[in-house]
Structure formats: C-alpha cells, structure tokens
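Readers should treat all values here as calculations from the given coordinates under stated rules, not as data from a laboratory. Please read these numbers as outputs of a predicted model, since none were measured by experiment. So basically every Cβ, Gly included, is an ideal-geometry build from the backbone, and we count neighbours across all protein chains shown.
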Amino acid sequence: MDLDKLRIDISKRGKKGLHFIMASVVIWCVVLIIWLLPIEDVLTKNLLTFCFTAPLVPLAYMISKLIKAEFSSKDNPLNKLGILFACNQYLYILIVMWVYPTVPEKMVMVLAVIFGAHLLPFGWLYQSKAYYVMSVLISVTTLITGIMFNAIAVSIVMILFEIIFSIWLMVENKSLNTL
C-alpha cells in the first residue's frame, strides 16, 4: 500500500482522531470548573489541573467506542508514527512542570499552547486542514489570551476551539467517506 493510501486508511478508521479532540472538550471543561472553584491557592488549582488532564486517553478510548472510531489501527504502519506524534507532547509537559511553581498563574496558558502545538504533525498524518489551522490558531490565540487574561479565559477559549475543531473534523470525516 502506498503512503497516501495508508494515510487515508488511518484517517477513515480512526476518524482523524476525533475521539481525542472530543475528549479534550471534556478535559478543558473540567479545567474551567477547577479555575472557577473558590480555591485561593493557585498551586492547588494547578495540581488539580494536572490531575484532571490525566484521564484524556481513557476518555478518548470510551468516546472512540461511542463514535465507532478505531482507537488504534495497529495493522497500519503509520499508527506508530501517530503514537510518536502524541507522545511528543509528554516531553513538552516538562516545560509545564517548570512553569507550575515558577509562574503559576500562566501554567494553564502554557499547557494550552503546548496542546495546540502538538496537533501540527497530525495535519500531515490525516491530510487535515483542520489540524493545521487549529494547531496554529490554538497556540497563538491561547498565548495572547493567557498573557492578557487569566486561566479562566484560556479555558473558555480552549473549550470553544475544541468544539469548533470537533465539528470541523466531523465535516472532514464525512468527505472521507466519498473516497
């Protein structure tokens, strides 16, 4: 199978990773709730933010079952590349860990910028304009929002972007069915 056919195959079977983007809507809603809680200590809110981002993968797995997307296309050699793209984000978390005690009020902003940036290579994998555009849009907008406003504003922006992103991926997935 040639490269383009492999990319179409993984895109169709995994619905372009829609389950992960939908799961991130839930995660960012929880982050917003954390930052709306009447907890005075920013470090506590940051710790809760870290804790509640952890269930992303199990949540994405459950959503993949609901939307009938393959969670992992193990027989497609590009699956390992997709995992590498995703794991890349775990190295960036070291930056967030440094920001946590150093500039705690900006941790959510940095987390959002990293989340957005890690989406870029999925544009190539899934042949998706949505990933390319949203990667840049999320990264730049959350940086600006985070500099000017607080974590609540960044969380709201992320929720809105992730909903738009999910809808855009649904549209792209419908056009995949014609291939």
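Among the lysines of the chain, pairs at least eight places apart or on separate chains and with Cα atoms under 17 Å apart come to 26. Summing Cβ point charges (Lys, Arg +1; Asp, Glu -1) relative to the Cα centre of the range 3-171 gives a dipole of roughly 660 debye. Taking the alpha-carbon centroid of each part, what is the distance from the range 45-64 to the range 152-178 in angstrom? Each part reduced to its Cα centre gives a spacing of 18 Å. Ordering Ser175, Ser139, Ser155 by the number of other Cβ atoms within 10 Å of each residue's own Cβ, fewest first, gives Ser175, Ser139, Ser155.
Give me the extension gain from Asp75 to Asp4: residue separation times 0.36 nm, minus the current Cα-Cα distance, reported in nm with one decimal. It would help to have the intermediate numbers written out before the result.
On the way: separation 71, 0.36 × 71 = 25.56 nm, distance 1.56 nm.
That works out to 24.0 nm of additional length.
I need the Debye-formula profile for the range 52-179: one equal scatterer per C-alpha, no solvent, reported as log10 I(q)/I(0) at q = 0.11, 0.18 1/Å, two decimals. With one equal scatterer per Cα and no solvent, log10 I(q)/I(0) is -0.43, -1.12.
In summary, the helical segments of the chain meeting the span-like criteria, namely a full DSSP H run, a Cα extent along the axis of 24 angstrom or more and a mean Kyte-Doolittle hydropathy of at least -0.5, are 18-36, 78-102, 129-148, 151-176. For Glu70, the amide hydrogen comes within under 5 Å of the amide hydrogens of Gly14, Lys15, counting only partners 5 or more places away or on other chains and with H modelled in the peptide plane. Go ahead and run the numbers for FRET between Leu43 and Ile147, Cβ-Cβ distance against an R0 of 22 Å, rounding to 0.05. Efficiency, from the Cβ-Cβ distance: 0.60.
Converting phi to 3J(HN,Hα) with the Karplus coefficients 6.51, -1.76 and 1.60 and the offset θ = phi - 60°, the range 122-128 yields 5, x, 5, 4, 9, 6, 10 Hz in sequence order, with x at every glycine or proline.
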